[in-house]
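Asker: Please find one structure pasted underneath; my questions will follow.
Every read-out reported here was derived from the displayed coordinates using simple, explicitly stated rules and does not represent laboratory data. Here the structure is a predicted model, which is why all the values come from computation and not from measurement. Note that each Cβ is placed from the backbone with ideal geometry, even for glycine, and that neighbours are counted across all protein chains shown.
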Amino acid sequence: MNPRSDLAEAREEPVVSIRVKGSELNNQPEVLLTESIDQTLGDLLGYRAREAVYDHLERRCYMARDEIPRRLGEFCNVLDTNFGKGGHTIQRMIAKRFYAKLDRTFVELPGCTLADYVQKASHSSTHSMNVPITTTTVTTYVVPDSTRL
């Protein structure tokens with residue numbers, strides 16, 4: 001038996017590769033979001049720190065890894081509480097990766113949390129994300145009238 005002939009035969013077998021785009025998984029956004037969270041935390045914090053975050057979520061917040069997409073607001077609060085301003089950066093990076101998995105354009109909006117971005121992505125499933133979204137902040141000041149005092 002010649003090992004080189006076995007190797008040649010193995011190479012002749014056709015290789016099948018399937019590439020699935022995020023748009024084809026519209027019915028599985030939770031899976032894409034969980035993957036985005038895993039990958040982003042791993043990239044930004046490293047494997048051990050990512051596992052420490054998940055351990056903290058389970059022990060202190062009673063939130064399992066697979067529950068994060070359904071409890072996204074709480075997850076955002078935990079990131080903000082534990083990482084301060086860095087928590088917002090982590091959320092934005094997770095959102096960018098999530099949008100990339102959905103094959104959508106990410107538009108950074110001031111003051112948005114990860115939960116806001118995920119909600120916008122789910123509402124825009126029939127609309128294009130290439131349309132810029134503008135936000136307006138209205139501040140109302142109440143000044144007491146000194147003549148009435």
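Asker: I need the GluC sites (Glu not before Pro) found in the stretch 65-117, filtered to DSSP loop residues with at most 15 other beta carbons within 10 Å of theirs. The partial results should precede the final answer.
Answerer: Values: sites: Glu67, Glu74, Glu108; in loops: Glu108.
Here the GluC sites (Glu not before Pro) that fit, given the DSSP loop and packing criteria, are Glu108.
Asker: To continue, here is another question. So what J values fall out for the stretch 78-84 if you push phi through Karplus, 6.51 cos²θ - 1.76 cosθ + 1.60 with θ = phi - 60°, rounded to Hz, Gly and Pro as x?
Answerer: So the Karplus estimates, Gly and Pro as x, are 5, 4, 5, 5, 8, 10, x Hz.
Asker: I've got another one for you. Evaluate E = 1/(1 + (r/R0)^6) for Val31 and Thr81, where r is the Cβ-Cβ distance and R0 equals 41 Å; express this FRET efficiency to the nearest 0.05.
Answerer: On the way: r = 26 Å, r/R0 = 0.64.
For R0 = 41 Å, the calculated efficiency reads 0.95.
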